[in-house]
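Asks: The structure follows.
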Amino acid sequence: MSRQQFSLNNKIEPILYLSPFFFGLIIWTLYPFINVLLISFKENYNLLTGSYKNLGLGNYIYVLNNLKFLNALRNTGIYVIFTVPISTFLALIFANLLNQKLKGIALFQTAYFLPLVTSATAIGLVWKLMFNTNFGAINQILSYLNISPIHWLDYPKNNIYTLIIFGVWNILPFTIILLLSGLQNINPLYYTVAKLDGASDFKIFRRITIPLLSPTIGLVLIINTISTSKVYSELFPIFSGRPGIADNLYTVVYYIYDLFYVKWDLGKAAAASVILFLILFALTLSQLQIQKKWKHY
Amino acid sequence: MQVNLKNVTKKFNDFKAVNNFTLTFEEGELICLLGPSGCGKSTLLNMISGIIPVTEGKIFFDDRDVTNLAPQHREIGLVFQNYALYPHMSVLENISFPLEIKKVEKKEREALAVEMAKLVKVDTLLDRKPAELSGGQQQRVAIARALIKKPKILLLDEPLSNLDARLRLEMREEIRRIQQETKVTTIFVTHDQEEAMSISDKIVLMKDGVLMQVDKPQVLYDNPLKEFVSTFLGNPPINTIKGNYNNGFFEYNNQKIKLNYHTNEEITLAIRPEAIDFDEENYDFKAVIKERFKIGKEELLMLQFNDLLLRTYATDELNKNVGDEIGLKLKNKGVFIFDNKGDRK
């Protein structure tokens, strides 16, 4: 093999290895993204003919003035604001428990991670039964505590709480895994030193575990904010395929889905998608900014 | 505080990591636990600190039995090999953290921390994070953190092993200085005999969990009671020859060394490099010069004796070259005889 061929091979080879990834990225991420952006400016866009009435901000103006969309934005916001901190807080407790060196801890670890490998829809149906006002497990447990039955599913105002409870449960295992791996990366010697000085478990948790875990907590907050902002599939099993019992619980992605598949209004659906993207983008950037200030070392 | 060990033993399953130690460390002394890796010196230190429970025997601090006392109640300060400074805290926070745990008021604990930082000379680095410090500086901070609670005993586990050669020299002098200023009883684990020889009041030399000899460094060097003690201490290392004593001569492979001893038996002759004189008329044995090395102010001589190489120092008057045979005489000091069990005769 001549020297020139060899150097040519050197250039082609890495490109060949990288190409499947770039191929996928271009076809399934980059192209759709640009296309959605373009469609969002086309009023009354028709997918089949490719025709449209006007090029402009009409779709955006419609969406941003649409009460249903604003309501969806509010619902999604409430969902994110409650689900992310609650699940992170609970996951922190569970991850700490699962990080103890106890007999049979592997069994508990498996139990906690099991929801991760089950389908959200299948589990959602189980939750629907558990939420049932008359014979559901949740109201049954509450009755032992002398709390009268709550209309989780059939009273519209309660629907958001029902969704939040299911949502917290749904992202808990993934959050626990991330936090647990973060915990296991902390050098146990720090705990030994602190214990030698007589530090209480709570003191160690507050002054050593939390600061050293803060990069992981930041990552968890970003990932969960993004994933919960896209809440949509959780609605189907619980509310029989509708956004809340009285169509009262539109979320942003459900709204987009509704515009696209049901109303066949692609331009407006695309505009709503772009708005969601911009909101998430801004949220992520600000969270990264905050995390920089958190970083202790 | 005086530390008393009474028949202290540590077993890991059937393996005896520390075997029946009875020892006393006097108040204010700097004691080195010295031995090759795996000899149980860190295990012994961790039993004194309380991190590892004792299998058999008792540990006393003065007259107080601390065998079953939790580490945090033993009034000790510990420094680990890799320092274990909290990476998210500044130097000041690191040093004052033990007092924060004791709920000492912020102003008071910071004042004490600054005082400690001055003692170990890191008072200009108080706002830095551990990652911004050199190894030696981290070591100083770790010592300050261990000392801030005014412990009765300071325990250091291989504190210099992570430092480069020059810093190691500097830090061992610093540890000596800090120990002398605070007068805290200090127990120091190391596998480096030079380190132990240079700073300690007393060396506890261990091998395979067994106590070999405890004494002042110079006594261990001049008067080793076991063959292992004589070979472990000293650089360049001692020359050992295993052979038989027969009527006025030590014999190795039919080659003889004139020696004064009382019984005919198998012995090991151990000769410090500095215990060999050159004497062409009245010599004890002869050997051939194999190599001469000039190292700094000293010149090291390698002598071929039968199939063995012996080390000694050349004198300025020695006018022999490589390949020449020379007559050698053993001094009284620095020549030891051990029996086949390794005990001094």
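Asks: Once every DSSP H run of n ≥ 4 in chain B is given -39500 (n - 2.57) and the sum is divided by its residues, what mean residue ellipticity at 222 nm do you get, rounded to the nearest 500 deg cm²/dmol?
Replies: Working: 8 runs with 84 residues, N = 345.
Theoretical 222 nm ellipticity from helices: -7500 deg cm²/dmol.
Asks: Follow-up. Which percent of the accessible heavy-atom area of the protein assembly as shown goes to carbon and sulfur, probe 1.4 angstrom? Could you put the intermediate results ahead of the total?
Replies: Details: 19230 of 33670 Å².
Percent of accessible area from carbon and sulfur atoms in the protein assembly as shown: 57.
Asks: Quick check on my link table: of A:LYS230/A:LYS293; B:LYS10/B:LYS242; B:LYS41/B:LYS242; B:LYS226/B:LYS333; B:LYS16/B:LYS226, which ones sit more than 25 Å apart, alpha carbon to alpha carbon? Walk me through the numbers on the way to the answer.
Replies: Numbers: A:LYS230/A:LYS293 27 Å; B:LYS10/B:LYS242 34 Å; B:LYS41/B:LYS242 29 Å; B:LYS226/B:LYS333 16 Å; B:LYS16/B:LYS226 21 Å.
Too far apart for the 25 Å limit: A:LYS230/A:LYS293; B:LYS10/B:LYS242; B:LYS41/B:LYS242.
Asks: Distance from a point 7 Å along Cα→Cβ of B:VAL288 to each backbone N in the stretch B:300-321: keep the residues under 19 Å and list them by number.
Replies: Taking a point 7 Å out along Cα→Cβ of B:VAL288, the residues of the stretch B:300-321 whose backbone N falls under 19 Å are B:301-312, B:319-321.
Asks: What total accessible area, in Å², is buried where chains B and A meet, using a 1.4 Å probe and rounding to the nearest 100? Write out the running numbers ahead of the final one.
Replies: Values: alone 17020 and 18430 Å², together 33670 Å².
Counting both chains, the buried surface is close to 1800 Å².
Asks: Where does the charge balance sit around B:VAL120 when Lys and Arg score +1, Asp and Glu -1, over other residues with C-beta under 11 Å from its C-beta? Write down the numbers at each step before the final one.
Replies: On the way: positive: B:LYS118, B:LYS121, B:ARG140, B:ARG145, B:ARG177; negative: B:GLU115, B:ASP123, B:GLU174, B:GLU181.
Around B:VAL120, the surrounding residues sum to +1.
Asks: Continuing with this model, one more query. Taking each residue in A:185-194, count the Cβ atoms of any other chain within 10 Å of its Cβ, then average. What number comes out? Present the calculation step by step, with values, prior to reporting the outcome.
Replies: Details: counts 0, 1, 4, 1, 5, 5, 1, 6, 13, 6.
Across A:185-194, the average partner-chain Cβ count within 10 Å equals 4.
Asks: Report the Cα-based extents of the stretch A:224-281 along its three principal axes, largest first, to the nearest Å.
Replies: Here the Cα extents, ordered largest to smallest, are 30, 30, 15 Å.
Asks: Which of rounded, prolate, oblate describes the stretch A:1-124, given a ≥ b ≥ c as roots of the alpha-carbon gyration tensor eigenvalues and a/c under 1.5 marking rounded, otherwise prolate only if a/b is larger than b/c? Present the calculation step by step, with values, prior to reporting the outcome.
Replies: Working: a/c = 3.16, a/b = 1.08, b/c = 2.91.
Cα axes put the stretch A:1-124 in the oblate bin.
Asks: Where only protein heavy atoms count, and the probe is 1.4 Å, what is the accessible area per residue for the protein assembly as shown in Å²?
Replies: On the way: 33670 Å² over 642 residues.
Each residue of the protein assembly as shown exposes 52 Å² on average to a 1.4 Å probe.
Asks: Which whole-Hz ³J(HN,Hα) couplings does the stretch B:30-43 yield from phi under the Karplus relation 6.51 cos²θ - 1.76 cosθ + 1.60, θ = phi - 60°, glycine and proline marked x?
Replies: 10, 10, 9, 8, 10, x, x, 5, x, 8, x, 5, 5, 4
Asks: Search the structure for amide H atoms under 5 Å from the amide H of B:VAL66, placed 1.01 Å from N in the peptide plane, and list their residues when 5 or more places away or on another chain.
Replies: B:ILE59, B:PHE60, B:PHE61
Asks: A follow-up question, please. Could you sort B:PHE278, A:PHE69 by their accessible area in this structure, using a 1.4 Å probe and putting the largest first? Walk me through the numbers on the way to the answer.
Replies: Numbers: B:PHE278 60, A:PHE69 0 Å².
Greatest to least solvent exposure: B:PHE278, A:PHE69.
Asks: Here's something else I'd like to know. Rounded to the nearest 500, what is the 222 nm mean residue ellipticity of chain A from helices alone, with -39500 (n - 2.57) per DSSP H run of 4+ residues and division by all residues?
Replies: Details: 14 runs with 198 residues, N = 297.
The helix contribution divided over chain A gives -21500 deg cm²/dmol.
Asks: What whole-number volume per residue, in cubic angstrom, does the convex hull of the C-alpha atoms of chain B give? Walk me through the numbers on the way to the answer.
Replies: Working: hull volume 56.7 nm³, N = 345.
Once divided by residue count, the hull of chain B is 164 Å³.
Asks: Let me ask you something else. Check B:VAL18: other-chain or 5+ apart residues with amide H under 5 Å from its amide H, H built from backbone geometry?
Replies: B:LYS10
Asks: Mind listing the phi-derived Karplus ³J(HN,Hα) values for the stretch B:293-299, rounded to whole Hz, using 6.51, -1.76 and 1.60 with θ = phi - 60°, and x for any glycine or proline?
Replies: Once rounded to whole Hz, the list reads 10, 9, 10, x, 7, 9, 10.
Asks: Kindly identify the stretch A:59-294 as rounded, prolate or oblate by the Cα gyration tensor criterion: order the square roots of the eigenvalues as a ≥ b ≥ c, call it rounded if a/c is under 1.5, otherwise compare a/b with b/c, prolate if a/b is larger, else oblate. Please report the intermediate quantities before stating the final value.
Replies: Working: a/c = 2.54, a/b = 1.45, b/c = 1.75.
Oblate is the answer for the stretch A:59-294, as a/c is 1.5 or above yet b/c matches or exceeds a/b.
Asks: Sorted by accessible area with a 1.4 angstrom probe, largest first, how do A:LYS230, A:LYS68, B:LYS10 fall?
Replies: Values: A:LYS230 110, A:LYS68 80, B:LYS10 20 Å².
If we order A:LYS230, A:LYS68, B:LYS10 from most to least accessible, we get A:LYS230, A:LYS68, B:LYS10.
Asks: Does the protein assembly as shown come out rounded, prolate or oblate, given a ≥ b ≥ c as the square roots of the eigenvalues of its C-alpha gyration tensor, rounded meaning a/c under 1.5 and, failing that, prolate meaning a/b above b/c? Please list the in-between numbers first.
Replies: Values: a/c = 3.18, a/b = 2.25, b/c = 1.41.
Prolate shape, in that a/c is at least 1.5 and a/b is the bigger ratio.
Asks: Say R0 is 51 Å: what FRET efficiency, to the nearest 0.05, do A:LEU116 and B:THR240 get from their beta-carbon distance? Walk me through the numbers on the way to the answer.
Replies: Numbers: r = 64 Å, r/R0 = 1.26.
For R0 = 51 Å, the calculated efficiency reads 0.20.
Asks: In whole Hz, what ³J(HN,Hα) sequence does the stretch A:251-264 give by Karplus (6.51, -1.76, 1.60; θ = phi - 60°), x for Gly and Pro?
Replies: Per-residue couplings from phi come out as 10, 4, 5, 5, 4, 5, 4, 4, 5, 6, 7, 8, 8, 6 Hz.
Asks: Continuing with the same structure: Which one of A:ILE27, A:ILE210, A:ILE15 has the biggest mean-square fluctuation once chain A is modelled by GNM with Cα springs under 10 Å?
Replies: A:ILE15
Asks: Tell me the accessible surface of B:LYS207 in square angstrom (1.4 angstrom probe, heavy atoms of protein chains only), to the nearest ten.
Replies: Taking all protein chains as shown, B:LYS207 has close to 80 Å².
Asks: Mind giving me the FRET efficiency for B:ASP123 and B:ASN321? R0 is 60 Å, r the Cβ-Cβ distance, nearest 0.05 is fine.
Replies: My answer for the efficiency is 0.55.
Asks: Pick out which of B:ALA17, B:ALA117, B:ALA287 has the largest mean-square fluctuation in a Gaussian network model of chain B, springs linking Cα atoms closer than 10 Å.
Replies: Among B:ALA17, B:ALA117, B:ALA287, the largest GNM mean-square fluctuation belongs to B:ALA287.
Asks: Treat each spin label as a single point 7 Å out from the Cα along the C-beta direction, and report the A:ASN66 to A:VAL126 distance in nm.
Replies: Roughly 3.6 nm, to one decimal.
Asks: Which of the peptides B:50-60, B:245-255, B:70-80 is most tightly packed, and how do the rest follow, going by the mean number of other Cβ atoms within 10 Å of each residue? Before the final figure, lay out each step's value.
Replies: Values: B:50-60: 16.7, B:245-255: 14.4, B:70-80: 19.4.
By packing density, highest mean first, the sequence is B:70-80, B:50-60, B:245-255.
Asks: With the crude spin-label approximation of a point 7 Å out along Cα→Cβ, what separation in nm comes out for A:LEU107 versus B:ASP201?
Replies: In this crude spin-label approximation the distance works out to 5.5 nm.
Asks: According to the Cα gyration tensor, what semi-axes, each the square root of 5 times an eigenvalue, does the equivalent ellipsoid of the stretch B:128-218 have, listed from largest to smallest in whole Å? Intermediate values should be presented prior to the final figure.
Replies: Numbers: eigenvalues 112, 51, 29 Å².
Output for the stretch B:128-218: semi-axes of 24, 16, 12 Å.
Asks: Still on this structure, I have one more. List the residues whose amide H sits under 5 Å from the amide H of B:LYS207, counting only those 5 or more places along or on another chain, with H placed 1.01 Å from N in the peptide plane.
Replies: HN-HN under 5 Å from B:LYS207: B:MET212.
The values are calculated or read from the model by the stated rules, or taken from the named source; none is laboratory data. These numbers come from a predicted model, not from an experiment. A quick note on method: Cβ atoms are made from the backbone with ideal geometry, for glycine too, and the neighbour counts reach across all protein chains shown. Side chains are part of the model used for accessible areas, which takes the heavy atoms of the whole protein and leaves out ligands, DNA and RNA. Shrake-Rupley method; radii C 1.70, N 1.55, O 1.52, S 1.80 Å.
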